[in-house]
Amino acid sequence: MYLTEEEKKMLEGNYGQGTQLAMKILVAIGEAYDAPKMVPVTRTHVALSNQEADLWFAEKLTAGEAVCRIRPTVNPSFNLEQFQAITDIDREDEEIVKRTHAAYTKLGAIMTYDCTPYLEKNVPRFGEIISFSESSATPFVNSVYGARSNRESAQSALCSAVTGVTPYYGFLLKENRAGQVLVHVEADMEDDFAYQMLGYFAPKKIGFSIPVFEGLTNPSKEALMNLGAQLNTGGNVALYHILGFTPEALTMEDAFQGKKPQYEVTITNNDLKNMREEISDKNGKIDFALYGCPHFTIDQVCTVAEMVKGKKLSVPLFIMTSSLTRSLSQKMGYADIIKTAGGEIVEDTCMDQPCWKFLYGKKGITDSPKCAYYTKRRDMQFIIAPLKESIYAALKGEY
Ligand code: F3S
């Protein structure tokens, strides 16, 4: 693999052991994928997970005095102060949150703790070469903006943040971004929830191929967030196209780069209904409602506030979002409305964090299959329902 003089210096340890380790890992990835060279990145996002292995790696880099050349935004951990007011936090968990914060801060990361940085803090332009991890982020930046990122792990994205480069392979090359399967969507895509189900179901029919969706009209940003997050959870799809809508698929010719689709599939209302029945827990009483996987936008927070205004929730309701959106919700009065109804907006938090231990063994409702998927290993059950229906359920205490 060709390396510039500067990259060779990093590999030889001239900038310290942390940078050397990061470059070694990138070279190994590059060689595994036959990348001819490294290319500079202009943005990075690291799916910090606040778990032991993640912390081990971040601390290894700081011990080797690595500092990020391209400062990454980072995924949620959990907000200690907020959760200490809601529940008891184990000492061990508190310790890991603090150490993770310290390690990433030392590395020079921008501590956004948000899984939708592509909406407001780390927004790439068309064709920009970047290194993004996080399952909702990579499909969004690739598909909706036409930026170029491989499906990075937290660690490979962090190595790119430290070195400022990434191996040149995969989705960074135009020819690897062509659509592979034409997906005719015959389902009524009447709300953002339908995109959750489409994203979760599509990989059952297309495997890990790049889909070109035909039949989707003007999806909202929330619909696009949902679609990508679920495609990359139900499957391993970090790039999709929507015919006539996303920038690399304005025409069929563009979408498939002049080739024919490998095959075509059709997705119907029935497919989405069956998928939902398969992954959702049985209807009935619920103990809580949980939203924000991916993090809620201000418009979604507004929907909840409008529905619970002047009412009392029968079960606790939690909304996960960025600190920026929470602060906006406070300014706009949504946070007070939700709090008075018995709900809570929590910032910087992911449902896959140990701060939710008080909900283990309980049954909740959510609008996100991804939320239900990850929490199974934490013994939480979820009914999956459209946002408005699920808020009615939280008001009533059952679905
Ligand atoms: Fe965000 Fe965590 Fe869900 S990072 S998308 S809340 S799994």
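Pairs from the table (205/376; 98/309; 121/204; 221/309; 363/388) lying more than 28 angstrom apart at Cα are 98/309; 121/204.
Pairs of Cα atoms nearer than 8 Å and 6+ residues apart set the relative contact order; for the chain it is 16 percent. In this rough spin-label picture, where each label sits 7 Å from Cα along the Cβ direction, the residue 95-residue 17 distance is 2.3 nm. Taking square-rooted eigenvalues a ≥ b ≥ c of the alpha carbon gyration tensor, is the stretch 280-396 rounded, prolate or oblate, where a/c under 1.5 means rounded and, failing that, a/b exceeding b/c means prolate? Oblate shape, in that a/c is at least 1.5 and b/c is the bigger or equal ratio. A crude spin-label estimate for the pair residue 105 and residue 312, with each label 7 Å from Cα along the Cβ direction, gives 4.1 nm. Estimated purely from DSSP H runs of n ≥ 4, each contributing -39500 (n - 2.57), the mean residue ellipticity at 222 nm for the chain is -12000 deg cm²/dmol once divided by its residues. Among the listed pairs 273/312; 285/370; 259/370, those whose Cα-Cα separation exceeds 24 Å are 273/312; 259/370. Full extension of the segment from residue 33 to residue 377, taken as 0.36 nm per residue of separation minus the current Cα-Cα distance, would add 120.6 nm. Here's the picture: a label point sits 7 Å out from the Cα of residue 87 along the beta-carbon direction, and within the stretch 278-321 the residues with their amide nitrogen under 19 Å of it are 286-296, 314-321. Proximity of backbone amide H atoms, modeled 1.01 Å from N, is registered between residue 179 and 256, 257 at under 5 Å, excluding neighbours fewer than 5 places apart on the same chain. Each of 62, 118, 86 was scored by the projection of its Cα onto the charge dipole of the stretch 5-174, and the greatest displacement toward the positive side belongs to 118; charges sit on the C-beta of Lys, Arg, Asp and Glu.
Using the membrane-span-like helix rule (whole DSSP H runs, Cα extent along the own axis of at least 18 Å, mean Kyte-Doolittle hydropathy at least -0.5), which helices of the chain qualify? Correct list, ordered by number: 17-32, 192-206, 221-234. Residue separation times 0.36 nm, minus the C-alpha to C-alpha distance between residue 9 and residue 331: what's the value? Full extension of this stretch gives 111.0 nm more.
Annotation: the antiparallel percentage among DSSP beta bridges lying fully within the stretch 5-174 is about 30. Note on the chain: Kirkwood radius taken over Cα pairs, Stokes-Einstein applied at 25 °C and 0.890 mPa s, translational D equal to 113 µm² s⁻¹. In this rough spin-label picture, where each label sits 7 Å from Cα along the Cβ direction, the residue 205-residue 123 distance is 3.3 nm. Largest GNM mean-square fluctuation across 126, 78, 382, computed for the chain with C-alpha springs under 10 Å, falls on 126. The gain in end-to-end length when the residue 358 to residue 268 segment is fully stretched comes to 28.6 nm, 0.36 nm per residue minus the alpha carbon separation.
Among DSSP beta bridges whose residues both lie in the chain, state the antiparallel percentage, nearest 5. Once the DSSP bridges in the chain are tallied, antiparallel ones form about 10 percent. Of interest is the spacing of the C-alpha centroids, which for the stretch 327-371 and the stretch 285-324 amounts to 6 Å.
Every read-out reported here was derived from the displayed coordinates using simple, explicitly stated rules and does not represent laboratory data. Not measured: the values here are computed from a predicted model. Don't worry about glycine lacking a Cβ; one is built from the backbone with ideal geometry, like all the others, and counts go over all protein chains shown.
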